[in-house]
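Written below as structure tokens is the structure these notes are about.
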Amino acid sequence: MNLHDALAIAIKAIRKNRNLTQEDFGLVSSRTYLSTLERGLKSPTLDKLDEIARVMAIHPASLVLLAYSILSSNSHPNADAVEIVCQETKRLLSQFTDNTGTKLQ
């Protein structure tokens, strides 16, 4: 399995879990485009991923994290990947400074 396949599984699973049809995404993409994403034939841009996630009422990072969790566990989501990303993100945020040199909390 590759990342395209894992993202495809994640998009389709969340869409179905939320009882959304491909037509429900009509304001942000065509049904044909969403179908190609769900079959792993294309990868969305970051902006498109954000739009799709908004329709699903989730954070786009959750969609990406689910895809990587699926990828790391061979099609069944793996909670270990979620924990690793959460810890890593917290660590990075604690070290992050903005353009003015002010440390973000």
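Search segment 46-66 for residues that are under 15 Å from Gln22 (Cα atoms) and pair each with any residue that is surrounded by fewer than 15 Cβ atoms within 10 Å (Cβ to Cβ) when their beta-carbon atoms are under 6 Å apart and the residues are at least 6 apart or on different chains.
Met56/Arg18
Please find, within segment 1-20, the residue that is nearest to Leu65 (Cα to Cα) out of those that are part of a loop (DSSP other than H, G, I, E, B) and modelled with pLDDT under 95.
Among residues in segment 1-20 that are part of a loop (DSSP other than H, G, I, E, B) and modelled with pLDDT under 95, the one nearest to Leu65 (Cα to Cα) is Asn2.
Here is a check on your reading of the model: is Arg54 exposed (fewer than 11 other Cβ atoms within 10 Å of the Cβ) and either at pLDDT 95 or above or part of a helix (DSSP H, G or I) (or both)?
No: the conditions fail for Arg54.
Would you mind stating whether Leu34 is within 11 Å of Ile11 (Cβ to Cβ) and either open to solvent by 100 Å² or more (accessible area, probe 1.4 Å) or in a helix (DSSP H, G or I) (or both)?
Criteria met by Leu34.
What number of residues within segment 57-105 satisfy the criterion of being open to solvent by 90 Å² or more (accessible area, probe 1.4 Å), of a type in the set (Asp, Glu) and at pLDDT below 80?
Qualifying residue count, segment 57-105: 1.
Please determine, by comparing only the residues of segment 37-48 that are within 14 Å of Lys12 (Cβ to Cβ) and either among the small types (Gly, Ala, Ser) or not in a loop (DSSP other than H, G, I, E, B) (or both), which one is modelled with the lowest pLDDT.
It comes out as Gly40.
What pairs can you find where one residue is in segment 6-22 and within 15 Å of Tyr33 (Cβ to Cβ), the other is of a type in the set (D, E, K, R) and assigned to a loop (DSSP other than H, G, I, E, B), and their Cβ atoms are less than 9 Å apart, with a gap of 6+ or different chains?
Ala8/Arg39; Lys12/Arg39
Of the residues in segment 21-31, how many are hydrophobic (A, V, I, L, M, F, W, C) and assigned to a loop (DSSP other than H, G, I, E, B)?
Looking only at that region, the number is 2.
The values are calculated or read from the model by the stated rules, or taken from the named source; none is laboratory data. All figures in this text were calculated on a predicted structure; none of them were measured in a lab. Cβ atoms come from the backbone with ideal geometry, glycine included; neighbour counts cover every protein chain shown. Note: areas computed on protein heavy atoms with side chains; ligands, DNA, RNA excluded. Shrake-Rupley method; radii C 1.70, N 1.55, O 1.52, S 1.80 Å.
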